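What follows is a set of notes on a single structure, which appears directly below.
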Amino acid sequence: MTTPIATLIDIAPSLGRRGLEAAVNEADKLDLTDPERLRAALDAVVPRAGTATLREILDRRTFVLTESQLERRLLPLARRAGLPRPETGARVNGFKVDFHWPALGLIVETDGLRYHRTPAQQTTDRLRDQVQTAAGLTVLRFTHAQVAHEPEHVTATLRAVSRRRRP
C-alpha cells in the first residue's frame, strides 16, 4: 500500500508529460492530494527519474508567491504595456480589487491558487467580476502561472485592452 503522493512520484518516469499532468489533475479532482501538498512532498524526497518533470509541471500551477509578491510581479508587466500607475487595493463597487485604472475603467486581479482555488471562492470571484462588468468596467484576471511563466501574454493582453479602453 502506498500514498497517492508516493504513487504519483513512482509513476512519474513512466508517463509522458501529458500523462503525468493528467494524473496530477485526476488526483487533485478526486481529493487524493492537491498541487501544493504534492509540490511540498517533492522537496522532501531524494531527486530521481521523473521528479524534475513533476516539479516543473507543479511549479507552473502552484502558488509559490505571497499575494503581494504576485502583485509586485504584475506591476512591471503593466508598465511595459504602457499603463500608468494603478490604484492598488482600492474598493470599487463594494469590492477590494488588486489593481484599478479609473481613467481606463480597467480592473486587474491576480489569482494565486491559495486564494482562488475553492469553488466558493471562484463563485465569489465570478460575482465580483459580474458586478464590475455590469458597472461598465473591464475585469482581467491573470493566474500566478501566467504572470510568472507567460509575461509576454500578460503584457500583450494589457496593452490591447488598455488601447481599447483609452478615452
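Every residue in the range 66-87 that is modelled with pLDDT of 85 or more and surrounded by 13 or more Cβ atoms within 10 Å (Cβ to Cβ), please.
73, 74, 75, 77, 78, 79, 80, 81, 83, 86, 87 - these are the residues of the range 66-87 that are modelled with pLDDT of 85 or more and surrounded by 13 or more Cβ atoms within 10 Å (Cβ to Cβ).
For the condition part of a helix (DSSP H, G or I), in contact with a Phe, Trp or Tyr (Cβ under 7 Å, 6 or more places away or on another chain), at pLDDT 85 or above and farther than 30 Å from residue 38 by Cα, what is the one hit in 164, 128?
After applying the criteria, what remains is 128.
Quick test for you: out of 139, 147, 161, 154, pick the one residue that is among the β-branched types (Val, Ile, Thr), surrounded by 11 or more Cβ atoms within 10 Å (Cβ to Cβ), within 17 Å of the chain's Cα centre (by Cα) and closer than 14 Å to residue 101 by Cβ.
The match here is 139.
Does the range 9-20 include one or more residues that are buried (at least 18 other Cβ atoms within 10 Å of the Cβ) and not aliphatic (A, V, I, L, M)?
No, that holds for no residue.
Go through the range 90-99 and report how many residues are within 21 Å of the chain's Cα centre (by Cα), surrounded by fewer than 20 Cβ atoms within 10 Å (Cβ to Cβ) and either on the phi > 0 side of the Ramachandran plot or assigned to a strand (DSSP E or B) (or both).
2
The values are calculated or read from the model by the stated rules, or taken from the named source; none is laboratory data. Everything numeric in this text was worked out from a predicted model, so none of it was measured. Reconstructed Cβ throughout: ideal geometry from the backbone, glycine too, with neighbour counts over all protein chains shown.
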